[in-house]
Amino acid sequence: MSTAITHTAILTGRSLRGIWRMPVFLVMNLVQPIMWLLLFGQLFKSVVDIPGFGAGGNYLEFLTPGVVMMMALFASAWAGTTYIQDMDRGVMDRFLTSPTNRGALMVSSLLYQGMTTVVQTLMVIGIAWLTGARFHGGVSGLLLLLLAAVLLTAVFGALSNAVALLLRQQQALIGISQLLTLPLMFLSSAIMNTKLSPQWVQNVAAYNPFEWSVIVGRQALSAAPDWASIWWHLGLLAALALVMTWVATRAFRAYQRST
Amino acid sequence: MGSTIIESGSDTALAAVDLHKSYGGGRGRPPVKALDGLGFTAATGSVFALLGPNGAGKSTTVKILATLSRADSGTATVAGIDVQRHPERVRRAIGFVAQRPVTDPMDTGRENLVLAGRLQGMGARDAKARAGELLDRFALTDAARRLVRGYSGGMARKLDVAMGLMHRPQVLFLDEPTTGLDPQARAEMWAEIERMARDERMTILLTTHYLEEADKLAARLAIVDHGRIVAGGSPEELKNELHGDSVVIELDTAAARPAAAVTETVVRAQEALARLGTLRDIVMDDDVLRARADNGARALPHVLAALETAGVGVVSAAVARPSLDDVYLRHTGHTFASAQAGQAVAERAGDLAEVAR
Ligand SMILES: Nc1ncnc2c1ncn2[C@@H]1O[C@H](COP(=O)(O)OP(=O)(O)OP(=O)(O)O)[C@@H](O)[C@H]1O
Ligand SMILES: [Mg+2]
């Protein structure tokens, strides 16, 4: 167990060193949330006027938790590209022929993704605040939003890593993540209140992990959170994150069988 | 000549028995048979070389022994540990230097080494000290703090080998360790490999395309072709098995054109020599004829006379004591040089790509 923890720490350290050496990445992470917030914020500004939308008349405030989760979803769906890079560079084979803990390989990748999600989330919140959005959840609300975003990252980061280990191809991974992320995003209340959508969308959204995280985030930032809903959806996300991490760790075996 | 060389004694560091491995061909294509009953043993503290043409199954063998890949059937032990049953324990005992680079280009040389050591369970201080030692030994100290992305091919290769040595493994796998090194760096690498086997009693499994390298370093070697071992023994034993000298004759086919006439010349030459009967194992390689004779010097005049009678011109003729090249030719059916030609082109293309970068 202590080996697993040590390995997780040093492998996470390696990933963080890597990002530090690619400042372009940091800039991209700053530009993206601004783009989403301003783009969607302007495009859908007047949807709040539709009767029954709710959200107290401020679309930016409605949108912000949606953008937080969107960024987490998009970034984590790409997580596997780092694995593929490591495979192409032979680094993965070296890890797998040394007593590197398999769980640590998976968890360190998710931890690193989780950390970037935290930074991104804080940036989105900061930018939204600067452009006039106000949130009422306080520090605990913010922490719950972060927790939901990190759990969402773990779910899709693990899935992306598993796909990377099974398919080993950058194009295939990117194709699958695009195929997955866009429908997940539109079958949710991230940018549009699902109460205004057809019934079937609402039904499907109930099973959408991305929607779970949006619900938690939006409730956590609201003036009167629905605590039962928050804990229930956080529980679902946590359980799914655990299962996905376990499954993805098993995928190392499949990778080695075909090496 | 069996497909398995068994070396008796409890001093066996590596043993592979009847390994089979196929890779899925993908989309309806038949699977590729990479290993087809390969087996060998290597003694502790010795250098054992696997030699063979491209695609023979050398890397596949190394990957199975290093626990990266799994055999479809057969067994293998490394340092007395079964690779299928206790891969974790095997991984502590081995260093693995793959054919392709294994270092992270976005880390510095030192960071790469320290990370490898830490993953092997070394403490931070130990790992740093050992990294410094190895950087020194491979003359990389000046580059230690630079990103590996900026290393030359040879520097990166030396770092790859250093990575495999961090935790002082009992068994070291080196898959083509000197490919891409300049002659000086290659000589240094050879000296280092010899020293490690001798002073540290490390068992080293080496794959190589350089016959010279196997001849110089390996106590024993095995020639691999089509996923099985076609010959094995010490370099001396293998050469002695050939009995006699090698005879190499370059036929004059320049006058004979078109291609059909070349073939005809070659056929005439072969028929003439078959009638003469003093040459064995005749193999044609374009317009170069290779064969064996009990006494090359005595046979040569008769051979030349027979060729002249048959109307075949000769550009050059040579007699030599058997070399590992001849062993290779005998067992794989093609000369080493022609097996390598394809690879050399690919390598040169790779070098050019590197220069372009
Ligand atoms: N991951 C893989 N997937 C599919 N086929 C593979 C894979 N690895 C190896 N092969 C095939 O298995 C055979 C043996 O390959 P291997 O890499 O062991 O050869 P090698 O002796 O190391 O050759 P080289 O001298 O070119 O390195 C080849 O036909 C190769 O195409
Ligand atoms: Mg190879």
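The values are calculated or read from the model by the stated rules, or taken from the named source; none is laboratory data. Quantities reported herein were computed from a predicted structural model and do not represent experimental measurements. A quick note on method: Cβ atoms are made from the backbone with ideal geometry, for glycine too, and the neighbour counts reach across all protein chains shown. These area figures cover heavy atoms from the full protein model, side chains too; ligands, DNA and RNA do not enter into them. Shrake-Rupley method; radii C 1.70, N 1.55, O 1.52, S 1.80 Å.
Details
- Strands (runs of 3 or more DSSP E) within the stretch B:1-102 that include 3 or more residues within 24 Å of A:F252 (Cβ to Cβ) and in contact with a Leu (Cβ under 9 Å, 6 or more places away or on another chain): B:12-23, B:73-78, B:94-97
- Looking only at residues of the stretch B:103-151 that are part of a loop (DSSP other than H, G, I, E, B) and either free of Cβ contacts under 8 Å to residues at least 12 places away in the same chain or at positive phi (or both), we find that the one that is nearest to the other protein chains (Cβ to nearest Cβ) is B:G121.
- Taken across the stretch A:61-81, residues that are among the hydroxyl-bearing types (S, T, Y), within 30 Å of B:V97 (Cα to Cα) and either within 14 Å of chain B (Cβ to nearest Cβ) or surrounded by fewer than 21 Cβ atoms within 10 Å (Cβ to Cβ) (or both) do occur, with at least one present.
- Qualifying residue in the stretch A:42-55 (condition: assigned to a loop (DSSP other than H, G, I, E, B), free of Cβ contacts under 8 Å to residues at least 40 places away in the same chain and within 14 Å of chain B (Cβ to nearest Cβ)): no
- Filter result (within 16 Å of ligand 2 (Cβ to nearest atom) and either surrounded by fewer than 16 Cβ atoms within 10 Å (Cβ to Cβ) or at pLDDT below 90 (or both)) within the stretch B:183-210: B:H209, B:Y210
- When A:M35 is tested against (1) within 12 Å of chain B (Cβ to nearest Cβ); (2) out of contact with any helix residue (DSSP H, G or I) (no Cβ under 9 Å at 6 or more places or on another chain), exactly one condition is not met: (1).
- Annotation: B:K239 fulfils all but one of (1) closer than 27 Å to B:D36 by Cβ; (2) open to solvent by 60 Å² or more (accessible area, probe 1.4 Å); (3) modelled with pLDDT under 90; the unmet one is (2).
- Residues in the stretch B:165-182 that are within 16 Å of ligand 2 (Cβ to nearest atom) and either among the charged types (D, E, K, R) or buried (at least 24 other Cβ atoms within 10 Å of the Cβ) (or both): B:F173, B:L174, B:D175, B:E176, B:P177, B:T178.
- Among the residues listed as B:R70, B:R100, B:R91, the single one being open to solvent by 10 Å² or more (accessible area, probe 1.4 Å), modelled with pLDDT of 95 or more and within 14 Å of another protein chain (Cβ to nearest Cβ): B:R91
- The residue of the stretch A:28-44 that is farthest from A:L60 (Cα to Cα), among those that are open to solvent by less than 50 Å² (accessible area, probe 1.4 Å) and in contact with a Phe, Trp or Tyr (Cβ under 9 Å, 6 or more places away or on another chain), is A:F40.
- One residue alone among A:A128, A:A79 is modelled with pLDDT under 95, in contact with a helix residue (DSSP H, G or I) (Cβ under 6 Å, 6 or more places away or on another chain) and within 30 Å of B:E88 (Cβ to Cβ), and that residue is A:A79.
- Scan of the stretch A:238-255 for residues that are within 14 Å of chain B (Cβ to nearest Cβ) and either open to solvent by less than 20 Å² (accessible area, probe 1.4 Å) or among the β-branched types (V, I, T) (or both), ordered by number: A:F252, A:Y255
- Qualifying residue in the stretch A:111-130 (condition: more than 26 Å from B:L119 (Cα to Cα), free of Cβ contacts under 8 Å to residues at least 12 places away in the same chain and among the aromatic types (F, W, Y)): yes
- Residue match in the stretch B:55-65 (condition: more than 16 Å from ligand 2 (Cβ to nearest atom) and either surrounded by 20 or more Cβ atoms within 10 Å (Cβ to Cβ) or facing another protein chain (nearest Cβ under 10 Å) (or both)): no
- Filter result for A:L96 (touching a residue at least 12 places away in the same chain (Cβ under 8 Å), assigned to a helix (DSSP H, G or I) and within 14 Å of chain B (Cβ to nearest Cβ)): yes
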